[in-house]
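The values are calculated or read from the model by the stated rules, or taken from the named source; none is laboratory data. Quantities reported herein were computed from a predicted structural model and do not represent experimental measurements. Using ideal geometry, Cβ is built from the backbone for each residue, glycine included, and neighbour counts are taken over all protein chains shown.
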Ligand SMILES: [Zn+2]
């Protein structure tokens, strides 16, 4: 990549790191990346509803949260017109370079942060070098600040190259809640792509290591449940109540007893419950948040329907009613070996990369799989690659950080891989 691009990587990443926003609330982040895209100069730029149908969004947060981050972005100086375009939580953008004959290549990066308070302890580099999160409650604890940086710098490097073809960069919101992959995949910008690269930093791979194509991400779904019963005095007339907490207890026992599936591994979890009022009141109402995962989309569907069925029947047993809503989900998708091979070969020539793994199992979930499935269904090839980074602690912890050397590695690898498929195909 040209030197001026390389020299800006760290500053740009740190700028993004200072202000992480949660899913569908990335108003400032979108504005910041739009500013960069406009500086670079592209043939098409679509923001929020110009890029996807808002109806396709999943896991949309409550209105008051969207409003709060919208106002914060306004106070932070985001342009009114841009804010109007994104109103209601329609964040993210798609940037397109149209450079003559050649293949259509997609690059997908995600842009959201997490509700984690970032460490201020000495020894945590963002604290020591004064670029830790300024929001107090959110953090780029998964490296999506590095992903946005890669997306922008790769766009710029390709714009300055002799690339011939079409490059579509997806700056996708709400990955952490599996909410943004679906609308981006349904977008006209995702139609008829010949190649798609999706990318993540770290994931326990050290600096200098590259995984050319991830296999076996787990299909997953998030389910919200609420159980409604009837309250009564726990001492005077317990028989007049329908106990929502008792129903929840029965449901939880039963959910963890869903049989394993012969066609692949499954996971279930009830991750948060809330309800009831006092020891002497039969509880009228409880809420729960649960998830199901599966090695294939089919076994995830099995675990999901069993999970919902068990909440409903446990509620019924106790004279209550359960409402289950699937908040979001993502399918399984695998990297195409032919395209992963291009990444592997390119990685061999990238400065600072010393280990190249052709493939690795993912073990977690990702909603880039929606875009991968779309591209593969249209006859194109997709790969999900990992650029290693020495992270001091695990993803999603208050002391997570990215080794900034991997910023260079990611941009070089993505740029050269895009140029390689544009010139020679896989
Ligand atoms: Zn992530």
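Things to note:
- Positions within segment 25-84 being within 19 Å of the chain's Cα centre (by Cα) and either outside any helix (DSSP H, G or I) or at pLDDT below 95 (or both), in sequence order: 25, 26, 47, 51, 52, 53, 57, 58, 59, 60, 61, 62
- Note on segment 367-380: residues that are at negative phi and surrounded by fewer than 23 Cβ atoms within 10 Å (Cβ to Cβ) total 5.
- Condition check for residue 143: buried (at least 18 other Cβ atoms within 10 Å of the Cβ), touching a residue at least 24 places away in the same chain (Cβ under 8 Å) and either in contact with a strand residue (DSSP E or B) (Cβ under 6 Å, 6 or more places away or on another chain) or over 23 Å from residue 406 (Cα atoms) (or both): yes
- Filtering 136, 100 for residues that are surrounded by fewer than 17 Cβ atoms within 10 Å (Cβ to Cβ), modelled with pLDDT under 95, closer than 21 Å to residue 27 by Cβ and in the same structural domain as residue 31 (by TED's automatic domain parsing) leaves a single hit, 136.
- Qualifying residue in segment 105-115 (condition: surrounded by fewer than 15 Cβ atoms within 10 Å (Cβ to Cβ) and more than 16 Å from the ligand (Cβ to nearest atom)): no
- Residue identified as more than 30 Å from residue 360 (Cβ to Cβ), in contact with a strand residue (DSSP E or B) (Cβ under 9 Å, 6 or more places away or on another chain) and in contact (Cβ under 8 Å) with a residue 24 or more places away in the chain among 251, 212, 219, 292: 251
- Among the strands (runs of 3 or more DSSP E) confined to segment 320-426, the ones with at least 1 residues that are within 27 Å of residue 177 (Cβ to Cβ) and either within 16 Å of the ligand (Cβ to nearest atom) or out of contact with any strand residue (DSSP E or B) (no Cβ under 8 Å at 6 or more places or on another chain) (or both) are located at 321-330, 381-387.
- Looking only at segment 194-208, and only at residues there that are surrounded by fewer than 22 Cβ atoms within 10 Å (Cβ to Cβ) and over 19 Å from the mean Cα position of the chain (by Cα), the one that is farthest from the ligand (Cβ to nearest atom): 194
- Single match in 185, 153 (criterion: under 15 Å from the mean Cα position of the chain (by Cα) and more than 14 Å from the ligand (Cβ to nearest atom)): 185
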